[in-house]
């Protein structure tokens, strides 16, 4: 006997195969796809006639880490069928921080939230952030990406200059620690301070670390208007020089002719 039986659903299984009619039995956290009208015994029966059943959707570009742990964060996802969100895009993440410059990072991220966890003062590395993340109850899966705004701010503050050799090595070390812990990749927001102060060679060096772990590099490009082609060329150049996998987060042209 199943704990739950979903009857009469149109099933989209995520493999690319055509949708089909069937029942789904749920037992001990596992799904069993059954033929339609199976009449399998179950403690609870859900009539899904006229409805679709699908695997959870993935939101590949989210900022849910900024409101991590709040009900409105996950409810906005699961109410749409999103069961996994990939966070930390556009150079924005809650880690790593430096206590002396954390307020600057929080100010930069107020475009997304005015509420930050009290534990943020401990997010000096990915390991500490992940310890916090494990204490937060949430129904959806979360993938974390390291933001360049946070990384650069933790090492250099909001200085408008190239990093010294020692600062570059410190950023690479912090990024490598995050990849070792389980971060999925690295993001830039090249229109946001202090990420906008970075030159291409700085991004390349950091992406080389990500490439070692087959991580992903996502970028909110340096320009989305009159120099969009140059911005695309820079993103591709970074990927070629570092060997990292590339995702351009916002491929659009947003400008007004005068």
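Checking 202, 224, 257 one by one, the residue that is surrounded by fewer than 22 Cβ atoms within 10 Å (Cβ to Cβ) and at pLDDT 95 or above is 202 and no other. Looking at segment 10-26, can you tell me whether even one residue there is without any contact (Cβ under 8 Å) to a residue 40 or more places away in the chain and closer than 30 Å to residue 135 by Cβ? Yes, segment 10-26 has at least one match. When the criteria are applied in full, residue 237 fails the requirement of being surrounded by fewer than 21 Cβ atoms within 10 Å (Cβ to Cβ) and touching a residue at least 40 places away in the same chain (Cβ under 8 Å). The residues listed here are 29, 25, 64; of these, the one that is modelled with pLDDT of 95 or more and either out of contact with any helix residue (DSSP H, G or I) (no Cβ under 6 Å at 6 or more places or on another chain) or closer than 23 Å to residue 150 by Cα (or both) is 25. Every condition in (1) in the same structural domain as residue 85 (by TED's automatic domain parsing); (2) exposed (fewer than 11 other Cβ atoms within 10 Å of the Cβ) is met by residue 61 except one, and the failing one is (2).
Of the residues in segment 142-149, at least one is in contact (Cβ under 8 Å) with a residue 24 or more places away in the chain and in a helix (DSSP H, G or I).
Per the listing 78, 46, the residue uniquely outside the structural domain of residue 151 (by TED's automatic domain parsing) and farther than 30 Å from residue 174 by Cβ is 46.
The values are calculated or read from the model by the stated rules, or taken from the named source; none is laboratory data. Note that the coordinates shown come from a computational prediction; the quantities given were computed from them, not determined experimentally. Here Cβ is always computed from backbone atoms with ideal geometry, including for glycine, and neighbour counts include all displayed protein chains.
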